[in-house]
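Right, one structure below, let's go through it.
Please treat every number below as a calculation from the coordinates, not as lab data. Quick caveat: nothing in here was measured; it's all calculated off a predicted structure. Glycine also receives a Cβ, built like all others from the backbone with ideal geometry; neighbour counts cover every protein chain displayed.
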Amino acid sequence: MDSNIIYLDNSATTKPHPEVLQTFIQVNEQYYANPASIHEAGVEANALLIRAREQIAGIIGTESKDVIFTAGGTESNNFAIFGTAQANTHKGKHILTTRIEHPSVLEAIKRLAQEGFEVEYLSVNEAGVISLDKLREKVRTDTILVSIMHVNNEMGAIQPIEEAAAIIHAQSRAIFHVDAVQSFGKIPVRFNDENGPDLITISGHKIHALKGSGALIFRKKLTVAPFIVGGGQEYGLRSGTVAVPQAVALAKAARLAIEAMPEKRLQYEKWSKDLHVFLGNFGRDIHLLSSEIGAAHIVSFSVNGLKGEVLINALQKHGIIVSTSSACSSKQTTTSHVIEALNVIPSFKKGVLRLSFGAYTTDAHIQRFKKVFTVIMHDLKGENKE
Ligand SMILES: Cc1ncc(COP(=O)(O)O)c(C=O)c1O
């Protein structure tokens, strides 16, 4: 990608940090032995793996044995859902989730519904947030799994995870899974001693690590069936030779993200505020999907009567990269399930844009976006409208 490009699509993926890439290369070059081997080189590779596990466990607040490395968010979500369902059918077959989860949660749960599990979906309000009262109503003694994302990838809504955990744990023996792919490294994600999530999903490529890296992290050992069977690696839960360079790079990126978080949060909040005011000034032409109480690194809105693709192409001509609601749904012609769940009025459904910030976003990028977007709106209003 041209280095002059203004990249505002960090929720789709991020540019790996140079120091993370360097770690990845160094581990590949010097510690490529299999960490399960008993020779000295294997023991050295395993020592690096143990350190990476400890670092991530320390950040999330659990023990290193409870960190299982995976190939990313999708795998971790599939693992959490299928693993929990398979191991807990004796307790019940009731599963709860929300209407706005990532497809890697929704599609997995859909498959369980086809296999005979009873699935219920929590709706969200206009701000994209679930109702805790509704959750209280729906959690049953035979609920075995509740899966609620922390930050929504399309419009940044933050769910009340701690409060939800308290309800779930008080009313059931269900395992509470949280997809924290969009929150980890941006806002605090931790297990809480008594009341918190039981399983947390994280993904490397959203925090300037490598694609194909992630983890499923357990609050404490739970009854979850192995996801990939074979040689019994990762405490028997996820077989396959562990990708030590990816794991070490993930731990490094996680450490860097956590160290930078206080400063980045302030920056993101400033830009989010600025952009919400800026977009608000377009009046009835723009409907804001994100809000200032959501995650500050995602700003999402829709333009009346225009198509997201038209806006993306116009911005791209000026060297600015953004996306429609999400990378996953942007190639689909149907309206995203999140936009449907938010009850957006029809003339606003197609013109959704998402801006998402990362470690390399600058003040100048935001100012440039505002300038270019003003020109584009001026040009597109009128005859180019659908
Ligand atoms: C909320 C959420 N969950 C899960 C995923 C999937 O993660 P991965 O791309 O690492 O498979 C994504 C990716 O966009 C996401 O935004």
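Taking other Cβ atoms within 10 Å as a rough exposure proxy, 206, 350, 381, 221 sort from fewest to most as 221, 381, 350, 206. Computed extension gain for residue 278 through residue 377, at 0.36 nm per residue and net of the alpha carbon distance, reaches 34.4 nm. Along the axis of the charge dipole computed for the chain (Cβ charges of +1 for Lys and Arg, -1 for Asp and Glu, origin at the Cα centre), the listed residues 376, 25, 261 are led at the positive end by 376.
Protection proxy ranking, highest mean first, for peptides 80-93, 230-243: 80-93, 230-243, where packing is the per-residue count of other beta-carbon atoms within 10 Å, averaged. The relative contact order of the range 181-279 comes to 25 percent, based on Cα pairs under 8 Å that sit 6 or more residues apart.
Placing pseudo-labels 7 Å out from each Cα toward the beta carbon at residue 89 and residue 126 gives an inter-label distance of 4.5 nm. From least to most packed, judged by other beta carbons within 10 angstrom and beginning with the fewest, 139, 277, 151, 352 follow the order 277, 139, 151, 352. Relative to the longest principal axis of the Cα atoms of the chain, helix 18-30 runs at roughly 30 degrees.
When the Cα positions of 90, 56, 172 are compared along the charge dipole of the range 18-256, 90 comes out farthest toward the positive end, with charges on each C-beta of Lys, Arg, Asp and Glu. Sorted ascending by nearby beta carbons within 10 Å, beginning with the fewest, 133, 9 become 133, 9.
Listed here are the pairs 211/252; 211/350; 110/350; 186/221; 317/371; which of them are more than 23 Å apart at the Cα? Don't skip to the end; give the middle numbers.
Details: 211/252 14 Å; 211/350 29 Å; 110/350 26 Å; 186/221 26 Å; 317/371 14 Å.
As for pairs spanning more than 23 Å Cα to Cα, those are 211/350; 110/350; 186/221.
Short-range pairs are left out: with C-alpha atoms under 8 Å and at least six residues apart, the relative contact order of the range 254-386 is 27 percent. Taking Cα atoms, how many degrees apart are the long axis of helix 161-171 and the longest axis of the chain, rounded to 10 and kept between 0 and 90? Approximately 50 degrees, to the nearest 10.
Roughly speaking, what is the stretch gain from residue 260 to residue 193, that is 0.36 nm per residue apart minus the C-alpha to C-alpha distance, in nm to one decimal? Present the calculation step by step, with values, prior to reporting the outcome.
Numbers: separation 67, 0.36 × 67 = 24.12 nm, distance 2.51 nm.
Residue separation times 0.36 nm, minus the Cα-Cα distance, leaves 21.6 nm.
Over the chain, what relative contact order in percent results from Cα pairs under 8 Å that are six or more residues apart?
Numbers: 759 pairs, mean separation 85.1, N = 386.
Rounded, it is 22 percent for the chain.
Taking N as the number of residues in the range 18-256, what is its alpha-carbon radius of gyration divided by 2.2 N^0.38 Å? Display every interim value, and only then the final one.
Working: Rg = 17.8 Å, N = 239, 2.2 N^0.38 = 17.6 Å.
That works out to 1.01 for the range 18-256.
Axis of helix 73-87 versus longest Cα principal axis of the chain: the two differ by about 50°, to the nearest ten degrees.
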